[in-house]
Each structure stands twice: as structure tokens, then as C-alpha cells.
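Student: Before we start, here is the structure in question, set down as C-alpha cells.
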Amino acid sequence: MNTEELIDIEDNYFINTFTRQPIVLDHGDGVKVSDVDGKEYLDMFAGIAVNALGHNHPNIVKAIQNQAEKLIHISSIYYNEPALVYAKKLIDLTDFDRIFYANSGAEANEGAIKLAVKYTGKSEIISAVDSFHGRTIMTLAATGHEEYHEPFKPVMPQGFINVEYNNIEAIKEAITENTAAIILEPIQGEGGINVPDKDYLKEVEKLCKDNGIVLIIDEVQTGFGRCGSLFAHELFGIKPDIITMAKGIGGGVPMGAILAKEEISNAFVPGDHGTTFGGGPLVCAAAIAVLDTIYEDNLLENVNEVGSYFKGELLKLKESKDVIAEVRGEGLMIGLELTKSGAEYVDKLREAGFLINCTADKVLRFVPPLIIKKEDIDEFIKALDEIL
Ligand SMILES: Cc1ncc(COP(=O)(O)O)c(C=O)c1O
């Protein structure tokens, strides 16, 4: 079937939830991905910050192949080796004590909020305007976009308060004796790559400590090296009570996780939370390959080096382009805010062989695989320069 025939199937059979780009992707290799017509693209989007190691990385492919030949699924009722090995590996790299495996970012956040509510016995959650925490009803309530809540108001959960991001006074005003948790992204992704002031998260951490509030940091988009450290909260010198993750964790397989401190974790007892697929052997085998490769191949160094080169090149471009309002971000999570809507540039770049997206209407978002090289950035900057 050709591209048109394939896309026609979606139009006739899918529930209408996504506005997709008009290409059908077929195979990939490293930072490149190709469509069914054989056109090749430089992937500056990495499946929305998921394909940390790019496409078809041999370590992930091998790990999945080996595991699939042994065991794909067994349920959470039994132990499996990859889940146990991965938990120890990841926790040994962090300040956390315990893990819960989920299947997506929304599910990880849902579980983290449940855990904070059970631990504190309180019922209010503070989150930020322009945040994104997921599409389940509860994570949607935490997501600070009133327009997303509107159609579902009859069943929206109570107790969620969305306050301005990067404004410590707004958080202070929202805290009550009933506040269970504050959930924040360390850098807002969907909201437009919004980097908070250096001290904001430190001040939030202090407010949480002083008021017995659980601090949940949503690392779904920022985690696994994306911002130049394993998790982005490290850049701000804070130690949250809970972090949530997904996207990059499995390099493309659907997986999420919660990491929490011992005392808070202990609030859950069997039956409080669960999942059929979470922590399955197949995804955990892939996650081991991702984590090992991040360290064996010094990818954090690569993110910092190529990320700052990329940002520097974008800042140079800004000098000659009035349409660029701001360049911001950390590591390989970079936003280019324009003075106008960015949709047309996404289309033009795709036609020229580059995949990106536009978020918050005016922000071109670049979240390429962590393996990207300076030569790829040069290729992209040249195209961006021409197109802008
Ligand atoms: C910060 C953040 N949290 C949560 C989510 C939801 O993750 P998922 O789509 O895997 O449910 C996203 C997705 O974009 C995200 O960026």
C-alpha cells in the first residue's frame, strides 16, 4: 500500500485523537528514519524524547531478541530477572530506595499521586500551569491546561490546583493544611521548554519540607540523560521524595517507573496499586540495555557537548533572524521560541528531510537521540537557516 492508502485507513478506522504528520515511517538506523516511500529524515524529535539511543540500536535490538526467545510476559505475580536486575542498577545510581514499574508516563504519575495521598492522608495536589502530566483523568487534572479539562468537567477529580510555573509565591498561596503533594516538571516540555529560575525548585523543596508535603518531580520527558544528567532535577540541586519516568527509559518500548524514598514507599501495601504489564521481562531487558549504553558510551558527556554546541549555533542563528524570539533548554532538550506560530516550519523542515515538532504554538522543540553528533547538528542548522 502507498502512503495515501495507508493514511486512509486511519481516517476511516481510528478514533480521532491525533493530528499526525502525513508520512508513514517504516525503518530507522541511528539518528535517521525512513518512510515507506524511501525518503530519509534526520530525526530531531526521537519519538517525543523517547528514542534515547536512536533507531534500531544494536544493544536494544539484541536485548529484546534474546529476551523474546526466553520469556516475554509472566504477570506481576512472579519474579523475573530483568526487572530485579534493573531495579538495583537504577536505584544504585540515585538517592531513591524503591521502584514501582508502570507502562507510561501518565501511569507513573497516577501511581505517584496515589502514593503521596496515601502517605500523607491528605487530598490536595498542586501542579503548574502549562505543565503536562498525562491524559488519564487524574493526570489530566494535574496537567495545567484548563482547555483540556473543559470537556471532561463532570468527572474531573477534585483537589487539583494549577498555579503559575516558576512563581514561588503562587505555590505559597496555594498550600493549605490539606496539601498532599506538589508535582512539577524540572523543565516543562510540552509547555514550551520552560526552564525555571535557578532557585525555584530549591525553594519548592524547602516549602515541601517545612509543610510535610511530598515533592514529586515528573522526569518523564527530562529523564535518562536528556538534559545532560541522568535526571534533570540533579541540575537544580534538589532531592525530591518521588520521581516519575517513562519515555527514554526503554529506548522505545512502552515502560514507565516511579522511584520513591523508603518512608513514603512504605505507605503502599499489597492491593493499593498494581499493573498487569509493568516490569515485564521484555521491557526491562531493553531498559537495562539503555542504561548500560548511556554509561558505557559516555552519552551524558555527548549530550552536554553536542547540546551546548547546538544551543550556541541556534543563538548565532538568532542574531540574523527576527523570527526567533528566544533559545532555551538544557542538554538535548532545546526550544526555539518564534514570534509567530511554528507549524509551517515543521512542515517545511519535514519536506526538507528533518523531523521536529512545535509545542505551545510558537516553540520549535528539538529532542534528538542522545547519540547525535555535531555533524548532524550542522546539517540541521543549515536547513533551519534556509527555512527560517
Ligand atoms: C512531563 C510529562 N509527563 C507525563 C507525560 C505523559 O506520558 P505518557 O504519554 O507516556 O503517558 C508526558 C508526555 O509527553 C510528559 O512530557
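The values are calculated or read from the model by the stated rules, or taken from the named source; none is laboratory data. Keep in mind that this is a model prediction, so the values were computed, not measured. Quick reminder, even Gly has a Cβ in these numbers, built from the backbone with ideal geometry, and neighbours come from all protein chains shown.
Student: Select from segment 198-232 the residues that are in contact with a Leu (Cβ under 8 Å, 6 or more places away or on another chain) and in a loop (DSSP other than H, G, I, E, B) and list them in ascending order.
Tutor: Within segment 198-232, Ile213, Gly223, Phe224, Gly225, Arg226, Cys227, Gly228, Ser229, Leu230 meet the criteria.
Student: Kindly check whether there is at least one residue in segment 363-379 that is of a type in the set (A, V, I, L, M), touching an Asp or Glu at 6+ places or on another chain (Cβ under 8 Å) and assigned to a helix (DSSP H, G or I).
Tutor: The answer is yes, given that some residue of segment 363-379 is of a type in the set (A, V, I, L, M), touching an Asp or Glu at 6+ places or on another chain (Cβ under 8 Å) and assigned to a helix (DSSP H, G or I).
Student: Within the bounds of segment 144-162, is there any residue that is of a type in the set (A, V, I, L, M), closer than 29 Å to Leu230 by Cβ, assigned by TED's automatic domain parsing to the domain that holds Ile213 and surrounded by fewer than 19 Cβ atoms within 10 Å (Cβ to Cβ)? Steps first, answer last, please.
Tutor: The initial filter retains those residues of segment 144-162 that are of a type in the set (A, V, I, L, M), namely 155-156, 161.
Still in the running and closer than 29 Å to Leu230 by Cβ: none.
The answer is no, given that none of the residues of segment 144-162 is of a type in the set (A, V, I, L, M), closer than 29 Å to Leu230 by Cβ, assigned by TED's automatic domain parsing to the domain that holds Ile213 and surrounded by fewer than 19 Cβ atoms within 10 Å (Cβ to Cβ).
Student: Taking the stated definitions as given, is Ile91 assigned to a helix (DSSP H, G or I), under 30 Å from Asp347 (Cβ atoms) and either of a type outside the set (Lys, Arg) or not assigned by TED's automatic domain parsing to the domain that holds Lys374 (or both)? Explain how you work it out, then say what you get.
Tutor: Values: assigned to a helix (DSSP H, G or I): yes; under 30 Å from Asp347 (Cβ atoms): no; either of a type outside the set (Lys, Arg) or not assigned by TED's automatic domain parsing to the domain that holds Lys374 (or both): yes.
Spelling it out, it is not the case that Ile91 is assigned to a helix (DSSP H, G or I), under 30 Å from Asp347 (Cβ atoms) and either of a type outside the set (Lys, Arg) or not assigned by TED's automatic domain parsing to the domain that holds Lys374 (or both).
Student: Identify the single condition in (1) under 22 Å from the mean Cα position of the chain (by Cα); (2) within 23 Å of Asn194 (Cβ to Cβ) that Thr339 does not satisfy, given that it satisfies every other one.
Tutor: The number of the failed condition is (1).
Student: Still on this model: Spot the failing condition for Gly256; the list is (1) farther than 22 Å from Asp95 by Cβ; (2) buried (at least 22 other Cβ atoms within 10 Å of the Cβ); (3) assigned by TED's automatic domain parsing to the domain that holds Ser75, and only one is missed.
Tutor: It is condition (1) that Gly256 fails.
Student: Can you tell me which residues in segment 326-357 are part of a strand (DSSP E or B) and closer than 20 Å to Asp35 by Cβ? Don't jump to the end; show me each part of the working.
Tutor: So in segment 326-357, the residues part of a strand (DSSP E or B) come out as 326-330, 333-338, 354-355, 357.
Scanning segment 326-357 gives Phe354, Leu355, Asn357.
Student: Could you grab me the full set of residues in segment 68-86 that are buried (at least 19 other Cβ atoms within 10 Å of the Cβ) and under 17 Å from Ile249 (Cα atoms)? Quick ask: steps written out before the conclusion?
Tutor: Taking segment 68-86 as the starting set, the residues that turn out to be buried (at least 19 other Cβ atoms within 10 Å of the Cβ) are 80, 82-83, 86.
Hits for segment 68-86 are Pro82, Ala83, Tyr86.
Student: Okay, moving on. Considering only residues that are closer than 21 Å to Gly144 by Cβ and free of Cβ contacts under 8 Å to residues at least 40 places away in the same chain, look in segment 219-234 and name the one that is surrounded by the most Cβ atoms within 10 Å (Cβ to Cβ).
Tutor: Ranking the candidates gives Glu219 first.
Student: On the basis of being within 16 Å of the ligand (Cβ to nearest atom), touching a residue at least 60 places away in the same chain (Cβ under 8 Å) and either surrounded by fewer than 21 Cβ atoms within 10 Å (Cβ to Cβ) or farther than 24 Å from Val155 by Cβ (or both), does Lys114 make the cut?
Tutor: Yes.
Student: If you don't mind, another one. I'd like the full set of residues that are in a helix (DSSP H, G or I) and without any contact (Cβ under 8 Å) to a residue 12 or more places away in the chain, limited to segment 10-64. Break it down stepwise before answering.
Tutor: Here is the first cut: in segment 10-64, the ones in a helix (DSSP H, G or I) are 10-13, 46-49, 58-64.
Answer for segment 10-64, where residues must be in a helix (DSSP H, G or I) and without any contact (Cβ under 8 Å) to a residue 12 or more places away in the chain: Glu10, Asp11, Asn12, Tyr13, Pro58, Val61.
Student: In segment 124-171, what residues are over 20 Å from Gln221 (Cα atoms) and among the aromatic types (Phe, Trp, Tyr)?
Tutor: Phe152, Phe160
Student: So, in segment 198-218, of the ones that are within 16 Å of the ligand (Cβ to nearest atom) and under 18 Å from Ser265 (Cα atoms), which residue ends up surrounded by the most Cβ atoms within 10 Å (Cβ to Cβ)?
Tutor: Of everything passing the filter in segment 198-218, Asp218 is surrounded by the most Cβ atoms within 10 Å (Cβ to Cβ).
Student: Name the residues in segment 265-313 that are free of Cβ contacts under 8 Å to residues at least 24 places away in the same chain and among the hydroxyl-bearing types (Ser, Thr, Tyr), would you?
Tutor: If the condition is that a residue be free of Cβ contacts under 8 Å to residues at least 24 places away in the same chain and among the hydroxyl-bearing types (Ser, Thr, Tyr), then Tyr295, Ser308 are the ones that fit.
Student: Given (1) in a loop (DSSP other than H, G, I, E, B); (2) within 16 Å of the ligand (Cβ to nearest atom); (3) not basic (Lys, Arg), where does Leu235 come up short, assuming only one miss?
Tutor: (1)
Student: Continuing with this model, one more query. Quick check on segment 244-255. Is at least one of its residues among the polar types (S, T, N, Q) and either farther than 30 Å from His55 by Cβ or not in a strand (DSSP E or B) (or both)? Give the derivation first.
Tutor: Here is the first cut: in segment 244-255, the ones among the polar types (S, T, N, Q) are 244.
Next cut, either farther than 30 Å from His55 by Cβ or not in a strand (DSSP E or B) (or both) only: none.
No, there is no match, as no residue in segment 244-255 is among the polar types (S, T, N, Q) and either farther than 30 Å from His55 by Cβ or not in a strand (DSSP E or B) (or both).
Student: Looking at (1) without any contact (Cβ under 8 Å) to a residue 60 or more places away in the chain; (2) in contact with an Asp or Glu (Cβ under 7 Å, 6 or more places away or on another chain); (3) buried (at least 24 other Cβ atoms within 10 Å of the Cβ), can you tell me which one Ile249 breaks?
Tutor: Condition not satisfied by Ile249: (2).
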